[in-house]
Amino acid sequence: MIAKASAPAKAILFGEHSVVYDEPAIAGAVNKRAFITIKDSDSDKSIFRAPDIGFEAELLTRQKKYILTKGKPGIIRYILESLHRVHDHSPIDITLSSNVPIGSGLGSSAAVTVATLAALYRYHNIRFNKSSLAHDAHMVEQAVQGVASPLDTLVSTYGGLVYLSRNKKVEHININFNVPFVVGYTTKHGNTGKMVKDVKNLKTRNPKIINPVITAMGNLTNYAKQALLKRDFNKVGELMNINHGFLDVLGVNTVELSRMVYAAREAGAIGSKTTGAGGGGSIIALCPGKVDEVAEAISRDDNILKVNFTRKGVSSRVYK
Ligand code: PMV
């Protein structure tokens, strides 16, 4: 039997870091996906392969361990944690193929986790729905990372644009948001845990300055939600630019991130900002009619992906 599943990556549009202090956030699924195929193994071993990232390992599912035969570990911890929760330890072959850059702040681990769990549920004929899948994937991320926001796994599961409110209620922003974006990413990966801690320390040292900024970031996210619902993309762009300034105040931007943000604006983006935790990672630029110009400007020094937000969340099938 063969089970296949895929799940999208995400980009945070508004509210990174302020969401840690219970302010709202908006994130969306992008049209870059992780694909998982699971089939019976032809040997007595379980093997994980990710040819796109040059990775191969033998999985010791009972011990939650692996023996690396090729490449670097990383994403494999999410696969092992998912197997540990769902799989019966019979030998299987898992293949990952992905067009999401790993560790770039686009939620590659959530996309891989959601796709792996969905494929495993299909393989074992276990009933699931999007709500249970998003919950289980969040548990896997938490087990691997210690802390994880539910936003990435929610977006990878449901697709579309998701608004997380101040009281952590999830709303789907139901618009057709087929506006072109360019993502610029650096080879230097940010460390989300460290960035969250740095912001916390800055806030503790300067509460009277940073607390109002975090509140303003929450208000900005709410304005952005209204602008999105009205499809007022110039306003969305303006708010992205302000949001980038706030992230600068929080100290999470880097020379590379700001270089990409300003290169994008000079090339005609109507809004651009760091997306995700910062300290490295990615920026996102809203550039209707200027995709090629913006992509070209960023790619002089950094890497780019042309993306669109997509309504397509997780999808899975079984082949007997
Ligand atoms: O590193 P990313 O892209 O998953 O973004 C983290 C977003 C933060 O707000 C900084 C942290 C969080 O858990 O919400």
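Brief remarks follow.
- Among residues of segment 8-27 that are outside the structural domain of Leu151 (by TED's automatic domain parsing) and assigned to a loop (DSSP other than H, G, I, E, B), none has a Cβ under 7 angstrom from a residue that is surrounded by fewer than 24 Cβ atoms within 10 Å (Cβ to Cβ) and not charged (D, E, K, R) at a sequence gap of 6+ or on a separate chain.
- Counting only helices (runs of 4 or more DSSP H) wholly contained in segment 229-320, the ones carrying 1 or more residues that are within 16 Å of the ligand (Cβ to nearest atom) and over 26 Å from Arg205 (Cα atoms) occupy 233-249, 255-266.
- Residue within segment 81-94 that is closer than 21 Å to Asn191 by Cβ and either in contact (Cβ under 8 Å) with a residue 12 or more places away in the chain or in the same structural domain as Gly160 (by TED's automatic domain parsing) (or both) present: yes
- Qualifying residue in segment 192-210 (condition: within 14 Å of Ala11 (Cβ to Cβ) and either within 14 Å of the ligand (Cβ to nearest atom) or assigned to a helix (DSSP H, G or I) (or both)): no
- Residue among Ala119, Ala137 that alone is within 15 Å of the chain's Cα centre (by Cα) and crowded, with 24+ Cβ neighbours inside 10 Å: Ala137
- Given (1) modelled with pLDDT of 95 or more; (2) within 14 Å of the ligand (Cβ to nearest atom), index of the condition Lys130 fails: (2)
- Looking only at segment 247-273, residues that are of a type in the set (Phe, Trp, Tyr) and touching a residue at least 40 places away in the same chain (Cβ under 8 Å) come to 0 in all.
- If only residues of segment 8-34 that are of a type in the set (Val, Ile, Thr) and more than 10 Å from the ligand (Cβ to nearest atom) are counted, the one that is nearest to the chain's Cα centre (by Cα) is Val30.
- Set Val147, Val170, Val179: member being β-branched (Val, Ile, Thr), loosely packed, with under 13 Cβ neighbours inside 10 Å and either in contact with a Pro (Cβ under 6 Å, 6 or more places away or on another chain) or at pLDDT below 95 (or both): Val147
- Taken over segment 61-87, the criterion of being at pLDDT 85 or above and under 20 Å from His124 (Cα atoms) is satisfied by Tyr78, Ile79, Leu80, Glu81, Ser82, Leu83, His84, Arg85, Val86, His87.
- Out of Asn219, Asn241, Asn253, sole residue that is surrounded by fewer than 16 Cβ atoms within 10 Å (Cβ to Cβ) and either within 23 Å of Val307 (Cα to Cα) or of a type outside the set (D, E, K, R) (or both): Asn219
- Test: residue in segment 75-83 that is within 16 Å of the ligand (Cβ to nearest atom), under 22 Å from the mean Cα position of the chain (by Cα) and either crowded, with 23+ Cβ neighbours inside 10 Å or not in a helix (DSSP H, G or I) (or both): yes
- Hey, Ala3 more than 23 Å from the chain's Cα centre (by Cα), at pLDDT 85 or above, away from the ligand (no atom under 14 Å from the Cβ) and not in a helix (DSSP H, G or I) or not: yes
- Screening segment 141-161 for residues that are assigned to a helix (DSSP H, G or I) and over 15 Å from the mean Cα position of the chain (by Cα) and picking the one that is farthest from the ligand (Cβ to nearest atom) gives Ala143.
The values are calculated or read from the model by the stated rules, or taken from the named source; none is laboratory data. Computed from a predicted structure; not experimentally measured. Heads up, the Cβs are rebuilt from the backbone with ideal geometry, glycines too, and the neighbour counts pull from every protein chain shown.
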